[in-house]
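Everything on this sheet refers to the single structure shown next.
The values are calculated or read from the model by the stated rules, or taken from the named source; none is laboratory data. All values derive from a computational prediction rather than experimental measurement. Backbone-built Cβ (ideal geometry, glycine too); neighbour counts: all protein chains shown.
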Ligand code: GUN
C-alpha cells in the first residue's frame, strides 16, 4: 500500500489564512503593519527566486516591507551598516539576510549584527541558544528557524500534536536545518539521532526512524529500502536536475527518491509542494511574532 502525500501547499495556505487574520488584528491595534525587510547581496539565481516569493507572499498577508538588493561587491561594512539602520527602524519588525553570502563576507558576523528581537530566521546565537535550551515545548514568543518549524508542522499534520517517544532521524547537520530541526524534535520529546556524511551505515540507521527528515542537499539519496514501513518522511531537499523539462529549466527533486519511498512510507512530503511552501509561511509567522513581541 502506498503512503499518503503530505500536502505542504494546502498546509501553507491554511497557515497564511490564519496569519492574515491575526496580522489584520495586529495592524489595527498597533497602528502599523508588521514590517519585514529582506537583504539580498549579489545575484545567486536560486536566492533571487526565494526572495521574490518571500516578498510576494508577505504582501499577500498584509506584511509591509520589501527587498534591499545590494551588489555582489558590497563590503561587509556596508552590509553591517544596512543592518544597523534596519535595527533602528521602528517600522521594521523582521530582518532576513538571504544566505549564502558572497565569500568575502563573514556570515557569522552578519548574523550576530541582527537585533535578536528582529531575527526572523532564528539564526542569531541568542535565539539558537534559547532553542537549544528549551526543555519540553517551545516558548511561542521565540523566533525559531523557518524550515525546521515548517517540517515539524507537516509531521504533525499526519502524526497529530504528540510526537513523544518517536525516534526521529535527521539527515544533515547544517545550522539552517539539521541542527535546529533536531533541537525542535527534542523539545517535542522525540528521541533524536542526527546523522551526516560520516555516519556509519546510514541505510540501517534510517530504517529505525519513525520520522525521517532528509536535509543533505543530495538528489534522491534516500532510497525506498532505507525507510521503515509506515514511517513519516519529511524531505527538506530542493535539488535541480538539468533537463528539457519546464522550458529547459529541468526539474526539482528532493533528497528522497520519492516514487520508491512513497511505496514504503506511511506519509511523505513531495518536492516541490512540501516543506518549501511551509518555510515561507513560517517566515511570515515569525514576522508577526516579532511584531507582537515589540508591543509586549
Ligand atoms: N538560504 C537558504 N535557506 C535560507 C533561510 O532559511 N534563510 C536565509 N536567510 N537564507 C537561506
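Inside segment 204-213, can you point out the residues that are in a loop (DSSP other than H, G, I, E, B) and either on the phi > 0 side of the Ramachandran plot or touching a helix residue (DSSP H, G or I) at 6+ places or on another chain (Cβ under 7 Å) (or both)?
207
Please go through segment 171-193 and pick out each residue that is closer than 16 Å to residue 221 by Cα and more than 16 Å from the ligand (Cβ to nearest atom).
Correct list: 171 only.
From the set of residues in segment 251-261 that are outside any loop (DSSP other than H, G, I, E, B) and surrounded by fewer than 20 Cβ atoms within 10 Å (Cβ to Cβ), which is nearest to the ligand (Cβ to nearest atom)?
Filtering first and then ranking leaves 252.
So that you can scan it fast, the table gives a plain yes or no per residue for (1) touching a residue at least 24 places away in the same chain (Cβ under 8 Å); (2) within 16 Å of the ligand (Cβ to nearest atom); (3) farther than 16 Å from residue 292 by Cβ:
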position: 22; (1), (2), (3): yes, no, no
position: 32; (1), (2), (3): yes, no, no
position: 43; (1), (2), (3): yes, yes, yes
position: 48; (1), (2), (3): no, yes, yes
position: 51; (1), (2), (3): yes, yes, yes
position: 67; (1), (2), (3): yes, yes, yes
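Kindly provide the set of residues from segment 88-106 that are surrounded by 15 or more Cβ atoms within 10 Å (Cβ to Cβ) and either more than 14 Å from the ligand (Cβ to nearest atom) or assigned to a helix (DSSP H, G or I) (or both), ordered by number.
Residues satisfying the conditions are 92, 93.
Yes or no: segment 108-115 includes at least one residue that is away from the ligand (no atom under 12 Å from the Cβ) and not in a helix (DSSP H, G or I).
Yes.
Exactly one condition in (1) surrounded by fewer than 18 Cβ atoms within 10 Å (Cβ to Cβ); (2) closer than 30 Å to residue 263 by Cα; (3) touching a strand residue (DSSP E or B) at 6+ places or on another chain (Cβ under 8 Å) is false for residue 47; which is it?
Every condition holds for residue 47 apart from (2).
Going by what's in this entry, would residue 198 be described as at pLDDT 95 or above, out of contact with any helix residue (DSSP H, G or I) (no Cβ under 9 Å at 6 or more places or on another chain), loosely packed, with under 14 Cβ neighbours inside 10 Å and on the phi < 0 side of the Ramachandran plot?
So residue 198 fits the description; yes.
Of the residues 144, 192, 169, which single one is surrounded by 22 or more Cβ atoms within 10 Å (Cβ to Cβ), outside any helix (DSSP H, G or I) and in contact with a strand residue (DSSP E or B) (Cβ under 8 Å, 6 or more places away or on another chain)?
One residue alone meets the criteria, 169.
Looking at segment 214-246, which of the residues that are more than 14 Å from the chain's Cα centre (by Cα) and part of a strand (DSSP E or B) is farthest from residue 45 (Cα to Cα)?
232
Going through segment 120-130 one residue at a time, which ones are near the ligand (Cβ under 10 Å from one of its atoms) and within 17 Å of residue 293 (Cα to Cα)?
120, 121, 122 - these are the residues of segment 120-130 that are near the ligand (Cβ under 10 Å from one of its atoms) and within 17 Å of residue 293 (Cα to Cα).
Test residue 27 against the stated conditions and say whether it is at pLDDT 95 or above, away from the ligand (no atom under 14 Å from the Cβ) and within 17 Å of residue 96 (Cβ to Cβ).
In short, no.
List every residue pair whose Cβ atoms lie under 8 Å apart, where the two residues are 6 or more positions apart in sequence or sit on different chains, the first residue falls within segment 124-151 and is on the phi > 0 side of the Ramachandran plot, and the second residue, located anywhere, is part of a helix (DSSP H, G or I) and away from the ligand (no atom under 13 Å from the Cβ).
Pairs found: 137/187.
Within segment 274-283, identify whether any single residue is in contact with a strand residue (DSSP E or B) (Cβ under 8 Å, 6 or more places away or on another chain) and within 14 Å of the ligand (Cβ to nearest atom), and answer yes or no.
Yes: one or more hits.
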